[in-house]
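Colleague: Can you keep this structure in mind? I'll have questions shortly.
The values are calculated or read from the model by the stated rules, or taken from the named source; none is laboratory data. Computed from a predicted model, the values in this text were never measured in an experiment. For neighbour counting, all protein chains shown are included, and Cβ atoms are generated from backbone atoms with ideal geometry for every residue, glycine included. Heavy atoms of the whole protein, side chains included, go into the accessibility calculation; ligands, DNA and RNA do not. Shrake-Rupley method; radii C 1.70, N 1.55, O 1.52, S 1.80 Å.
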Amino acid sequence: MASSAFSRDNGRDAGQRRYGAAVRPDQLVDDTPLLTAIRRCDILVPEYHGQWSAVEWRKGEPWYGNYDAIVNFAETHGMAVRGHALIWEKMTPDWARAEMLEKRDWRTVTRHFADLLPRYSGRIADWIVVNEMIDTEDGENGLRRTSFQRAYGKDYVAMALLTANGLDPQARLMINDYALCYDNPVDEARRNALLRLVENLKARGIPLHSVGLQGHLELAKGAIPQARLARFMADLADTGVKLAVTELDAIEADRHRPLAERDAAVADHTQSFLDVAMDQPAVESIVTWGLSDRHSWLQENAPDTLAAVSHAPIDGKRLNRGLPFDADMKPKRMQVVLNDAMRIQRA
Ligand code: XIL
């Protein structure tokens, strides 16, 4: 899969960084401007249809229709797929939480992994094995108190990586987290906790190939501390992992200014973040968490009331404008910034 991802006509050569976006299966069926933008991606990530609660809401009755739709589409168009995510507390079905806490039997996790990894072996190139495991405020030693951590102890991240590697030795394995980019005590503590975890995993030879920084930017958190972020990325890379920006988008600080000013603020902030990321050779890919503001999880009423497949007129001024395209698929300045950063040929 990975090699064919580079053969597409997106203006980049093999070896260059890959660009991608989170998608929903209902976006893949129509001949729309959104689909045109999706087809310029190298990597697709199921926005939420790949989560455990989405594939196995009821125990023992997994349903892969949505996952298959995304994987099949990507395969047809020569794109790679990133599995998101095998373990994520928020998207773990209630029955699984209860079972893990009651039995403390790792086979609950193994069965879930065994449903997915062999099924998509060779078709899903990389997997986020554990999502959002860091918590320095209410966690224990920097690790979030999840059902997994409670049931299996602090080494569950290593156990998950080993189990995933056993089931699909070819797959590249990732962990992924948020709130790592700003100059404040929480982000600083989270950076240190993630770095400690990665150092520990790599020192023990646990199969971890890449670390995802989600990159949900928040303009209200102030400027990107570029030197600090660069050092953090370098420290991670020094442990031997590759890096990825996995869920890039931006939460605006002020939605009451003229649109051009708002879009410039988002673009400048994104630029400042990407300048650091693109300077770090270990960063292999940039994925935005969606493409159009119409389908962004950052909207107050997302995702249900902003009908996912509707192309009806929408008041774009009311929306957060944190993705490359507006609600009508007009490219914004953020798209120019991304294009320049990724060297995608201008459409
Ligand atoms: C969000 C999706 O965008 C929403 O549609 C869904 O309802 C909840 O999850 N961090 C992650 C992503 O790792 O999976 C989240 O995506 C956004 C925050």
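Colleague: Against the definition (of a type in the set (Gly, Ala, Ser) and touching a residue at least 40 places away in the same chain (Cβ under 8 Å)), how does ALA260 come out, yes or no? It would help to see each step written out before you state the result.
Modeller: Details: of a type in the set (Gly, Ala, Ser): yes; touching a residue at least 40 places away in the same chain (Cβ under 8 Å): no.
No: the conditions fail for ALA260.
Colleague: Is there a residue in region 147-154 that is under 15 Å from ILE128 (Cα atoms), among the small types (Gly, Ala, Ser) and touching a Leu at 6+ places or on another chain (Cβ under 9 Å)?
Modeller: Looking for residues that are under 15 Å from ILE128 (Cα atoms), among the small types (Gly, Ala, Ser) and touching a Leu at 6+ places or on another chain (Cβ under 9 Å), one finds none in region 147-154, hence no.
Colleague: Please list, ordered by residue number, the helices (runs of 4 or more DSSP H) wholly in region 72-170 having 2 or more residues that are closer than 22 Å to LEU208 by Cβ and open to solvent by less than 20 Å² (accessible area, probe 1.4 Å). Spell out how you get there, then give the answer.
Modeller: Working: elements: 94-103, 107-116, 147-152, 156-167.
By residue number, 107-116, 147-152, 156-167.
Colleague: For the subset of region 263-303 comprising residues that are among the aromatic types (Phe, Trp, Tyr) and within 11 Å of the ligand (Cβ to nearest atom), which member is farthest from the chain's Cα centre (by Cα)?
Modeller: By that ranking, first place goes to TRP297.
Here's the yes/no breakdown for (1) in contact with an Asp or Glu (Cβ under 8 Å, 6 or more places away or on another chain); (2) within 16 Å of the ligand (Cβ to nearest atom); (3) modelled with pLDDT under 95:
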{"position": "PHE73", "(1), (2), (3)": "no, no, no"}
{"position": "ALA80", "(1), (2), (3)": "yes, no, no"}
{"position": "ILE87", "(1), (2), (3)": "no, yes, no"}
{"position": "MET91", "(1), (2), (3)": "no, yes, no"}
{"position": "TRP95", "(1), (2), (3)": "no, no, no"}
{"position": "LYS103", "(1), (2), (3)": "no, no, no"}
{"position": "ALA114", "(1), (2), (3)": "no, no, no"}
{"position": "PRO118", "(1), (2), (3)": "yes, no, no"}
{"position": "GLY122", "(1), (2), (3)": "no, no, no"}
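Colleague: Going through region 141-180 one residue at a time, which ones are within 16 Å of the ligand (Cβ to nearest atom) and either among the aromatic types (Phe, Trp, Tyr) or out of contact with any strand residue (DSSP E or B) (no Cβ under 9 Å at 6 or more places or on another chain) (or both)?
Modeller: PHE148, TYR178
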